[in-house]
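Trainee: Okay, handing you the structure first.
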Amino acid sequence: MKFLVCISNVPDTTTKITFTPDNKEFNKAGVQFVINPWDEYALTRAIELKEAAGSGTVTVLNVGEADTEPNIRKALAIGADDAIRVNAAPQDAYFVAEQIAAIAKEGAYDVILMGKESIDYNGFQVHGMVGEMLGIPTVAPAMKLDLSGNTATLEREIEGGKEIVSVNTPFVASCQQPMCEPRIPNMRGIMTARTKPLKVVEPVGEPARTAVAEFALPAKKQGVKLIDAENAGELIKLLRNEAKVI
Amino acid sequence: MSVLVVVECADGEVKKSSLEVASYGAEVAAMLGTTATAIAVGEATTANLATLGEQGISKVLYDAEPRLKDFVNNAYTKLIATATEQEQAKIIILANSNIGAAVGSRLSVRLKASLATNVVELPKTADGQFVVRRGAFSGKAFSDVVLSGDRKIIAVKKNSTEAKHEAGKTAEVTSFSAQLTDADFADAPTQVVMQDQAGGVLLPEADLVVSGGRGMKGPENWGLIEELAKALGAATACSKPVSDVDWRPHHEHVGQTGITVSPNLYIACGISGAIQHLAGVNSSKVIVVINKDPEAPFFKAADYGIVGDVFDVLPKLTAAVKALG
Ligand SMILES: Cc1cc2nc3c(=O)[nH]c(=O)nc-3n(C[C@H](O)[C@H](O)[C@H](O)COP(=O)(O)OP(=O)(O)OC[C@H]3O[C@@H](n4cnc5c(N)ncnc54)[C@H](O)[C@@H]3O)c2cc1C
Ligand SMILES: Cc1cc2nc3c(=O)[nH]c(=O)nc-3n(C[C@H](O)[C@H](O)[C@H](O)COP(=O)(O)OP(=O)(O)OC[C@H]3O[C@@H](n4cnc5c(N)ncnc54)[C@H](O)[C@@H]3O)c2cc1C
């Protein structure tokens, strides 16, 4: 089984988000980038399934410029076998999906795993686009993934419940908890990651279909109105008469 | 040229988020001097679909194929693509739900359309550009995105726009067939399992949410959260560590790595307000924080707060809600 795991390179979850003075670009200064937290589920589950089968390969793929390589190496340290970086700034989801679809097709991957969404642009869309480009099913978001031969059984989250879906390879799935316990690199992994193959390829396809004109930050709160704990019932009156939400 | 709105139904009723989408679609149609047609998916009744007139929809297409009751990605995509061609729609509007976004992303490739998900406001059309504002950086920012091309797809975030109601207006409901075949249902679910909803309120659709964190001390104390939620008609939620240790089910976990909610009221009980938690809730209209530590960071993001012990405060709040009658 050939697994392709797509990882995006995102600001650490504790990052305070700021933009350049013209509000046109995300201010990267001093920001720590990490593997998108959802993608860690995809990576770990691919490694687990490969280990359980006793054969197969796990390839990680990132569409990004050279500064994403430390996180690609981290994915190799966690246990991927090799990596591909498409050498381009990821301009939008469509552009990224085209790159992933091209690599998936060329490498004839059986299982293409992604995270539920990228925590920077929160698109929740790359997986659907890739599935459509390749003419194969996408299961998103998946909470559980098991493989038996060429058939996968997945649990897909829907609002208020879940669906059990069964698909044959090749397919795309986007992963989220509680699929597995994401692994962290160990010393041996970090050592071997240095020599694992990382191939850099140039982008293909059509240009992006969307562009960010400007960023904005949410309006600041007015400040909290404190109610005495002894008089907690007062809060309910305020919610009805002042805030008018109940 | 028209606007096509995808309306999700369940148990015969139009989902609340789809009423918002219908209103949004009608407003976009008005901006562009055209009309809004809806295509219904899921289990619907003609009578309920006709009431979409109240949101400004003129016509509703409905395919009564029974296998469309549950979400089937390929079949839904083909259904909506066929309706798009029939109506010659240039703009397609869906809910930013697990269904809407999944179908929207496939459609964008099939119809060669530009796509914006997680959209929070009506589009702006100035200087020949079509711009939508969407949530980015997990609720920490917005980005204004220019959609190019002849066709555009917009997935609207729940609770970010209001559903309008013009009583008495009805939409014409027309049967529609996309001539779906067995092959279109190849990725149909083999089983659908719905959760037991405490009080019957679904978290992603909820207007009011009562949420508990580690300060609740243990699952045995969740009765306090559930009683307040029940009195208010609210859904229940929790912080990540609470679902990590299985005090509560995973689907209640809100935050950057859980679900994002934007209810009218979010009541946080014994939650410190870590940046990853705030990311999932900070677009709530009103935030109430109950925490015994006056320095808890959540108070900075709150509209109302009580510095106190949840075990003492929650029963008082429940009693006060009941007293409202
Ligand atoms: C400096 C910088 C600026 C950027 N500016 C923009 C911008 O202006 N507009 C914009 O839309 N995007 C921009 N991006 C790209 C963004 O990070 C995403 O890669 C891409 O847009 C998809 O985002 P999404 O939220 O739609 O993905 P989703 O659909 O939410 O992602 C789902 C899954 O797809 C996979 N995936 C996503 N992106 C990649 C990737 N790059 N490589 C490999 N796998 C991936 C992951 O598995 C992810 O979990 C920028 C990135 C950087 C670093
Ligand atoms: C990559 C990453 C992703 C994450 N994603 C998420 C996410 O999606 N959602 C999320 O919630 N967290 C997330 N976290 C975790 C987050 O950083 C915090 O650890 C978590 O939100 C804390 O949960 P809590 O507030 O319930 O617990 P704590 O931080 O332990 O806070 C408990 C609070 O309860 C108060 N308290 C205690 N007893 C009482 C009492 N009797 N009465 C009143 N108040 C009391 C305390 O003063 C304290 O403020 C993430 C972390 C990482 C690293």
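Trainee: Based on the alpha-carbon gyration tensor of region B:203-324 and its eigenvalue square roots a ≥ b ≥ c, which shape applies: rounded if a/c is under 1.5, prolate if not and a/b is larger than b/c, or oblate? Present the calculation step by step, with values, prior to reporting the outcome.
Mentor: Details: a/c = 1.20, a/b = 1.18, b/c = 1.02.
Because its axes are fairly even, with a/c under 1.5, region B:203-324 counts as rounded.
Trainee: For region B:1-96, just say rounded, prolate or oblate: build the C-alpha gyration tensor, square-root its eigenvalues into a ≥ b ≥ c, call rounded for a/c under 1.5, and beyond that prolate if a/b exceeds b/c, oblate if not.
Mentor: On the way: a/c = 1.85, a/b = 1.29, b/c = 1.44.
It is oblate, given that a/c is not under 1.5 and a/b is not larger than b/c.
Trainee: If you take every residue apart from B:D312 with its C-beta less than 15 Å away from the C-beta of B:D312, what net charge results, scoring Lys and Arg +1 and Asp and Glu -1?
Mentor: Working: positive: B:K217, B:K292, B:K316; negative: A:D228, A:E230, A:E234, B:E227, B:D293, B:D309.
Cβ neighbours under 15 Å give a net charge of -3.
Trainee: Then there is this: Are any of the pairs A:K220/B:K140; B:K16/B:K164; A:K116/B:K285 more than 18 Å apart by Cα-Cα distance, and if so, which? Spell out each step's value before the answer.
Mentor: Details: A:K220/B:K140 11 Å; B:K16/B:K164 11 Å; A:K116/B:K285 26 Å.
Table pairs above 18 Å Cα-Cα are A:K116/B:K285.
Trainee: If a paramagnetic tag sat 7 Å from the Cα of B:E85 along the Cα-Cβ line, which residues of region B:111-151 would have the backbone N under 17 Å from that point?
Mentor: B:111-113, B:151
Trainee: Over all Cα pairs of region A:58-150, how is the pair count split among 5 Å bins, expressed in % and running from 0 up to the last occupied bin?
Mentor: 2, 12, 22, 26, 24, 11, 3, 0
Trainee: Just read off the accessible area of B:W247 with the full protein assembly in place, 1.4 Å probe, to the nearest 10 Å².
Mentor: Using a 1.4 Å probe on the heavy atoms, I get roughly 60 Å².
Trainee: Any chance you could look up the accessible area of B:L224 with a 1.4 Å probe, heavy atoms only, rounded to 10 Å²?
Mentor: Result for B:L224: roughly 40 Å² accessible.
Trainee: Further question on the same structure: From the square roots a ≥ b ≥ c of the eigenvalues of the alpha-carbon gyration tensor of chain A, which class results: rounded (a/c under 1.5), prolate (a/b over b/c), or oblate?
Mentor: Details: a/c = 1.89, a/b = 1.53, b/c = 1.24.
Prolate, since a/c reaches 1.5 and a/b exceeds b/c.
Trainee: Over chain A, with a Gaussian network built from C-alpha contacts below 10 Å, which listed residue (A:A101, A:A75, A:A42) shows the highest mean-square fluctuation?
Mentor: Judging by the Gaussian network model, the answer is A:A101.
Trainee: For every other residue with a beta carbon closer than 14 angstrom to the beta carbon of A:P197, add +1 if it is Lys or Arg and -1 if Asp or Glu, then tell me the sum. Let's see the in-between values first.
Mentor: Working: positive: A:R73, A:R85, A:R194, A:K196, A:K199; negative: A:E69, A:D81, A:D82.
Counting the neighbours of A:P197, the net charge comes to +2.
Trainee: Give me the accessible area buried between chains B and A, both sides summed, with a 1.4 Å probe, in Å² rounded to the nearest 100. Walk me through the intermediate numbers first.
Mentor: Numbers: alone 15390 and 14100 Å², together 22980 Å².
About 6500 Å² of accessible surface is lost on pairing.
Trainee: I'd like the antiparallel share, as a percent to the nearest 5, of DSSP beta bridges with both residues in region B:2-185. Numbers along the way, then the final one.
Mentor: Numbers: 12 of 41 bridges.
In region B:2-185, DSSP labels about 30 percent of beta bridges as antiparallel.
Trainee: Probe 1.4 Å, all protein chains in place: accessible area of B:K164 in Å², nearest 10?
Mentor: Estimated to the nearest 10 Å², B:K164 gives 110 Å².
Trainee: Can you work out ³J(HN,Hα) from phi for every residue in region A:72-78, in order, using Karplus 6.51 cos²θ - 1.76 cosθ + 1.60 and θ = phi - 60°, giving whole Hz and x for Gly and Pro?
Mentor: Here the 3J(HN,Hα) series is 5, 4, 5, 5, 5, 5, 5 Hz.
Trainee: Name the residues of region A:89-122 whose accessible area falls by at least 10 Å² when all protein chains are present instead of the chain alone, probe 1.4 Å?
Mentor: Buried on complex formation: A:Y94, A:K116, A:I119, A:D120, A:Y121, A:N122.
Trainee: List the trypsin sites (Lys or Arg not before Pro) in region B:195-253 that DSSP assigns to loop (not H, G, I, E or B) and whose Cβ has at most 14 other Cβ atoms within 10 Å. Which are they?
Mentor: Numbers: sites: B:R214, B:K217, B:K230; in loops: B:K217.
Filter output for region B:195-253: B:K217.
Trainee: For the pairs B:K59/B:K157; A:K50/B:K217; A:K74/A:K162, flag any whose C-alpha to C-alpha distance is greater than 27 Å. Let's see the in-between values first.
Mentor: Numbers: B:K59/B:K157 23 Å; A:K50/B:K217 39 Å; A:K74/A:K162 32 Å.
Exceeds cut-off: A:K50/B:K217; A:K74/A:K162.
Trainee: Next question. Can you tell me the accessible area per residue over region B:203-324, all protein chains present, probe 1.4 angstrom, in square angstrom? Don't jump to the answer; show the numbers that get you there.
Mentor: Details: 4340 Å² over 122 residues.
Value for region B:203-324: 36 Å² per residue.
Trainee: Moving on to the next point. List the residues whose amide H sits under 5 Å from the amide H of A:M143, counting only those 5 or more places along or on another chain, with H placed 1.01 Å from N in the peptide plane.
Mentor: A:E155, A:R156, A:E157
Trainee: To make sure I understand the rule: partners must be aspartates and glutamates, Cα under 16 Å from the Cα of A:K105, and not fewer than 8 residues away in the same chain. Which ones qualify?
Mentor: Those aspartates and glutamates meeting the cut-off are A:E132, A:E202.
Trainee: Please work out the FRET efficiency for the pair B:N48 and B:K124, using the Cβ-Cβ distance as r and a Förster radius of 41 Å; give the result to the nearest 0.05. Walk me through the intermediate numbers first.
Mentor: Details: r = 32 Å, r/R0 = 0.79.
Efficiency at R0 = 41 Å is approximately 0.80.
Trainee: In the protein assembly as shown, what percentage of the DSSP-assigned beta bridges are antiparallel, given to the nearest 5? Can you show the working numbers first?
Mentor: Numbers: 40 of 117 bridges.
The antiparallel fraction comes to roughly 35 percent.
Trainee: Amide H neighbours of A:G161 under 5 Å, at least 5 residues apart or on other chains, H built in the peptide plane: list them.
Mentor: The answer is B:Q195.
The values are calculated or read from the model by the stated rules, or taken from the named source; none is laboratory data. Remember, it's a predicted structure, so these values are computed and weren't measured experimentally. Cβ: placed from backbone, ideal geometry, glycine included. Neighbour counts: every protein chain shown. Ligands, DNA and RNA are excluded from the accessible area calculation, which covers all protein heavy atoms including side chains. Shrake-Rupley method; radii C 1.70, N 1.55, O 1.52, S 1.80 Å.
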